[in-house]
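What follows is calculated from the coordinates using simple rules that are stated; it is not laboratory data. The structure displayed is predicted, hence computed values, not measured ones. Here the Cβ positions follow ideal geometry from the backbone for every residue, glycine too, while neighbour counts run over all protein chains shown.
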């Protein structure tokens with residue numbers, strides 16, 4: 001009876017140790033780059049940036065459409081506006097690495113449990129309760145961004161006006 005418990009506990013401990021492992025980078029004599037979760041002679045530890053996560057609606061939040069609609073209208077009415085502070089609509093700017101930090105705000109400020117959600121070209125790219133959403137490696141060209149306020153279930157309760165902006169990035173060709 002104890003053997004399955006000990007085995008399960010051992011597997012749980014093993015899984016938890018691999019979830020927090022480091023990443024190492026090594027370049028050999030021929031310039032080949034290798035990444036590993038095990039230290040290598042002559043290798044260096046790489047700091048991995050945290051992954052952007054997005055809260056999706058819980059199934060129970062979307063099962064009752066009439067109640068959900070009423071709640072969304074009630075919570076959305078608490079906000080007068082949600083908008084981008086940066087970048088401005090129709091703005092064009094240089095970003096060599098394609099990184100853009102969207103600055104958003106609402107009037108009044110966010111309620112507890114609510115977050116800002118930024119979508120880029122129709123796809124969610126990040127959420128934040130601070131009003132700052134950083135997005136990396138956006139392709140050069142013109143893009144459409146929207147901002148929404150989502151509740152603790154990931155349901156959109158208020159949307160702001162979309163903006164269009166253009167990123168100029170250097171290329172090998174020009």
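Given a Förster distance of 25 Å, report the FRET efficiency between residue 111 and residue 88 from their Cβ-Cβ distance, rounded to the nearest 0.05. Calculated value: 0.40. Once the C-beta distance of residue 80 and residue 166 is scaled by a Förster radius of 35 Å, the resulting FRET efficiency is 0.75 to the nearest 0.05. Between rounded, prolate and oblate, where does segment 28-174 land on the alpha carbon gyration tensor, with a ≥ b ≥ c its root eigenvalues, rounded for a/c under 1.5, else prolate if a/b exceeds b/c? Judged from the Cα gyration tensor, segment 28-174 comes out oblate (a/c at least 1.5, b/c at or above a/b). A full extension of the chain between residue 28 and residue 71 corresponds to an added length of 9.6 nm, given 0.36 nm per residue minus the alpha carbon distance.
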